[in-house]
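The values are calculated or read from the model by the stated rules, or taken from the named source; none is laboratory data. Everything numeric here is computed off the predicted structure, so don't read it as measured data. Glycine gets a Cβ as well: all are built from the backbone with ideal geometry, and neighbour counts include every protein chain shown.
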Amino acid sequence: MTGEQDRIEGSTGRALVLHPVVVNGVLARDPIPRLDEAAGLARAIDLEVVHAEAVRTAKVRPSTFLGKGVVERFGDFIEVQEIGLVVIDAALAPIQQRNLERAWNAKVIDRTGLILEIFGARARTHEGRLQVELAALNYQRSRLVRSWTHLERQRGGFGFLGGPGESQLEIDRRLIGQRIARLRRDLDEVKRTRALHRAARRRVPYPVVALVGYTNAGKSTLFNRLTNAKVMARDMLFATLDPTMRSLTLPSGRKVVLSDTVGFISDLPTQLVAAFHATLEEVLEADVIVHVRDIASPDSEGQKLDVEKVLAGLGLEDARLIEALNKMDLLDGDTREALDNRIARETDMVALSALDGAGCDGLLAAIDKRLSENRHVVDLDINLADGAALAWLYRHGEILERRDEGMEAHLVVSLDVADEARFRNQFHIQDV
């Protein structure tokens with residue numbers, strides 16, 4: 001087994017993935033894309049998916065979530081196939097998880113636990129690791145009867161710190177509470193530091209453009225294409241967890257900061273939504289948000305709704321959004337023609353392929369246009385001897401009118417709000 005597999009206690013590396021379909025519930029989405037996604041999540045931590053299946057159950061069973069017949073049917077299969085881990089693509093109660101483990105004699109992990117495992121394996125920055133550990137501990141606190149191997153390693157030798165007479169469960173519960181309090185303090189400090197960084201950027205304020213989207217929609221590939229960066233971009237769920245920022249020059253010559261963010265996913269664990277709020281604050285500060293969609297996915301519309309739900313929860317308005325319909329190179333001719341006709345009728349929508357670069361110029365032009373909508377027309381009096389200030393205005397703004405009198409140039413200039421603030425700060429011009 002690999003190191004990532006070792007994180008899941010008791011796993012042989014061979015996994016069974018089950019996506020429950022509750023018959024009497026409301027089936028809002030096709031279960032097959034969701035099953036494929038769950039299998040992809042398992043493969044993302046190098047598990048060998050022996051079998052994946054959408055299983056129907058009449059209703060959620062309080063003891064095992066799945067129906068009795070389903071539990072019995074997979075018992076022999078798990079034993080014969082030497083499966084060490086069963087992934088249930090749903091949120092399991094602790095008692096349901098324990099009962100399934102006893103019935104199958106195998107480790108059972110639910111969707112939340114699986115996503116946390118991936119985040120734990122992928123987070124690279126100090127902030128990312130803090131966020132993941134906080135989310136994992138909040139999740140683990142309700143499941144203290146089982147411990148994850150990677151959580152034990154994070155906690156180190158905490159076990160011997162308990163006083164005489166305390167049970168291991170009480171020790172774990174107390175120490176987890178203490179660690180959560182410490183992590184929250186550390187993340188508050190990170191949040192303050194990020195706020196200082198944002199304040200510094202506002203003093204030399206380049207507009208910020210944030211890429212958001214469902215996991216594996218191609219955000220990092222697009223980020224690399226636009227900025228010539230080398231962010232890890234793979235055909236893998238959650239290949240990017242830590243936000244990355246690079247400068248980018250738009251067709252007009254305007255410079256912006258492009259931010260690549262963590263991918264969203266349906267039923268994202270509430271622990272992670274809360275834990276990654278500091279990261280998502282970068283999106284809140286963005287001047288333009290580019291929603292990158294995998295238009296070739298059979299569940300593209302459902303994924304769009306998942307992303308919009310998260311953005312709405314952050315209080316973001318649609319006015320800042322541009323839809324980038326990625327992976328158009330995977331579409332057949334008829335589908336692509338229908339997409340082109342749709343885009344002709346829609347505003348703020350661009351089709352592209354981040355892989356081969358087709359359509360990326362159109363996206364940059366759309367970003368430029370959106371930022372131009374925030375322009376101010378200002379009157380400026382600039383000393384003719386201040387050649388640097390005049391050159392800056394010609395480079396970053398649109399000179400609508402100029403009249404030279406004596407040693408002063410009287411200008412009427414169209415400027416971005418951010419550029420106006422940057423000009424005043426750099427050249428100490430207050431009366432704009």
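For region 93-138, the candidate set comprises residues that are of a type in the set (Lys, Arg) and assigned to a helix (DSSP H, G or I); within that set, the residue that is surrounded by the fewest Cβ atoms within 10 Å (Cβ to Cβ) is Arg102. Is it fair to say Val273 is β-branched (Val, Ile, Thr) and at pLDDT below 80? The answer is yes for Val273. What do you reckon, is Leu330 out of contact with any helix residue (DSSP H, G or I) (no Cβ under 9 Å at 6 or more places or on another chain), in the same structural domain as Phe223 (by TED's automatic domain parsing) and more than 18 Å from Val209 (Cα to Cα)? Yes.
Being over 19 Å from Val108 (Cβ atoms) and either outside the structural domain of Pro298 (by TED's automatic domain parsing) or in contact with a helix residue (DSSP H, G or I) (Cβ under 8 Å, 6 or more places away or on another chain) (or both) narrows it down to one residue among Pro31, Pro20, Pro62; which is it? Among Pro31, Pro20, Pro62, only Pro31 is over 19 Å from Val108 (Cβ atoms) and either outside the structural domain of Pro298 (by TED's automatic domain parsing) or in contact with a helix residue (DSSP H, G or I) (Cβ under 8 Å, 6 or more places away or on another chain) (or both).
Identify, please: which residue in region 301-339 is part of a loop (DSSP other than H, G, I, E, B) and modelled with pLDDT under 85 and is, among those, surrounded by the most Cβ atoms within 10 Å (Cβ to Cβ)? The extreme case among them is Leu316.
For every residue, the table says whether it meets (1) polar (S, T, N, Q); (2) surrounded by 15 or more Cβ atoms within 10 Å (Cβ to Cβ).
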residue	(1), (2)
Thr347	yes, no
Ala389	no, yes
Tyr394	no, no
Asp419	no, yes
Arg422	no, yes
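Looking only at region 35-70, count how many residues are assigned to a helix (DSSP H, G or I) and crowded, with 19+ Cβ neighbours inside 10 Å. Result for region 35-70: 6. Got at least one residue in region 340-354 being in contact (Cβ under 8 Å) with a residue 24 or more places away in the chain and assigned to a helix (DSSP H, G or I)? Looking through region 340-354, none of the residues is in contact (Cβ under 8 Å) with a residue 24 or more places away in the chain and assigned to a helix (DSSP H, G or I).
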